[in-house]
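Just below is one structure, and these are the notes that go with it.
Nothing in this text is a laboratory measurement; each read-out follows from the coordinates by a stated rule. Treat the numbers as computed from the prediction; the structure is a model and nothing was measured. Don't worry about glycine lacking a Cβ; one is built from the backbone with ideal geometry, like all the others, and counts go over all protein chains shown.
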Amino acid sequence: MNRKPLVAGNWKMNMTVADARHLVSQMVPGLQSKSGVDKVICPPHTALLAVSSLLEGTDISLGAQNLFWEPSGAFTGEISPAMVAEFCDYVILGHSERRAYFGETDKDVNRKVQAAFAHDLTPIVCIGETLEEYEADRTYDVVFRQAKLGLDGIQFAGQESDGSNLVIAYEPIWCIGTGRAATPTDANEVIANVIRPALGELFGNEIAQRIRVLYGGSVTGDNARDFFQQPEIDGALVGGASLKVADYTQITLAAVQ
Ligand code: PEP
C-alpha cells in the first residue's frame, strides 16, 4: 500500500509568538521544497495566527495540539473545533501528556475525534503504553483498547472516505522526551499486529490500509530513517526535535529518501 508519509512537529508548550515567527522563518526554506511528504507544524494555540500567515503560500500545513468538542459556551480556557478550523487542517488529539496531566480519557478523545471530523480537521490520534504497561507485557492490550475506544463510531461518510483524513500516532510513553526510542522493528510490529487490525475491525481492511500510522518518541535526525524504512511506519510525530531546524529538516528529508 502506497501511503504518503507525514511528518508532524509538536511544539508542545513552547514558543512565544516572537519565538514562533523566528523558528518558522528559519524552517520554511528547508521544508517547503520537499515533495512526497506531508509536512505539519503544530504550535501552541497562541501562535496559530502568526504561524498561519507565515505558512501561507507554502505546502506546509498547520495543526493545533488540542481542541474541546463543544461548539461554544461557558468552557473557560478551551478552544472549539471551529476556532481551530479557522487556521488549521490538522489537530493532535489524545496526546499522552493530555491523558496524564489533564485526565483525558478514551471517551474524551473519541468526542474530540468526532468534533474534528465534523469540522473537516484531520486528527492525529495518539496512542501508546506506559513503561509499566510495557514491562508488564500489556502493550498490545492497551494500544488495541485505546484505538478501539478512541475511534469508536467514527464514520468516514461525508469526508474523504479513503482514510487519508485520519492519522494515528503510535507513541510509547516511555519513549517520549526520554531520548530512549523504541526499536523500529518493535514499533512496526505493534502497528502491524495491533493498530492496523484494530483499524480493520473499525473501518474494514481497505480503509485500514490507507490510514497513516506514525511513530513518535525520541525521533531525531539520526534515527528517523530507521523508522521510516519499516513498512508499517508512515512518518513521525516529533516533539523535541521539531524545535531544532537542522534536526527537523533531516527528519523530514528522511521520510522521502
Ligand atoms: C511527542 O511529544 O509527541 C514526542 C514524540 O516527543 P519527543 O519527540 O520529544 O519524544
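Values computed for the structure shown
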read-out: Highest to lowest packing among 126-134, 22-30, scored as the average C-beta count within 10 Å; value: 126-134, 22-30
read-out: R0 of 45 Å, Cβ-Cβ distance Asp89-Glu135: FRET efficiency to nearest 0.05; value: 0.75
read-out: Cα centroid separation, region 122-140 to region 201-257 (Å); value: 17
read-out: Cα gyration tensor of region 132-171 - equivalent ellipsoid semi-axes, whole Å, descending; value: 28, 10, 5
read-out: Estimated distance in nm for a label pair at Glu78 and Thr185, the labels positioned 7 Å out from Cα along Cα-to-Cβ; value: 4.6
read-out: Span-like helix ranges in the chain, DSSP H, alpha carbon extent 20 angstrom or more, Kyte mean at least -0.5; value: 17-32
read-out: Highest to lowest packing among 202-208, 39-45, 145-151, 191-197, scored as the average C-beta count within 10 Å; value: 39-45, 145-151, 191-197, 202-208
read-out: Size of charge dipole - the chain - debye, nearest 20, with Cβ of Lys, Arg +1 and Asp, Glu -1, no other charges; value: 400
read-out: Note, ³J(HN,Hα) from phi for region 89-95, Karplus 6.51, -1.76, 1.60, rounded to Hz, x at Gly and Pro; value: 9, 10, 8, 7, 10, x, 4
read-out: Phi-based couplings in Hz for region 122-131 (Karplus 6.51, -1.76, 1.60; Gly and Pro marked x); value: 8, x, 10, 8, 8, 9, x, 9, 6, 4
read-out: Separation in nanometres of the label points that stand 7 Å from Cα toward Cβ, at Asp162 and His22; value: 4.1
read-out: Equivalent ellipsoid semi-axes - Cα gyration tensor, region 175-226, angstrom; value: 25, 10, 9
read-out: FRET efficiency, 1/(1 + (r/R0)^6) with R0 45 Å, evaluated for Glu56 and Asn193 via beta carbons; value: 0.60
read-out: Other-chain or far-sequence residues with amide H under 5 Å of Glu104's (modelled H); value: Arg99
read-out: Burial ordering of Leu243, Leu93, Leu67, fewest other beta-carbon atoms within 10 Å first; value: Leu243, Leu67, Leu93
read-out: Asn2-Lys148 FRET efficiency (beta carbon distance; Förster radius 22 Å; 0.05 resolution); value: 0.25
read-out: Mean shadow area of the chain over all directions, Cα convex hull, nm²; value: 12.6
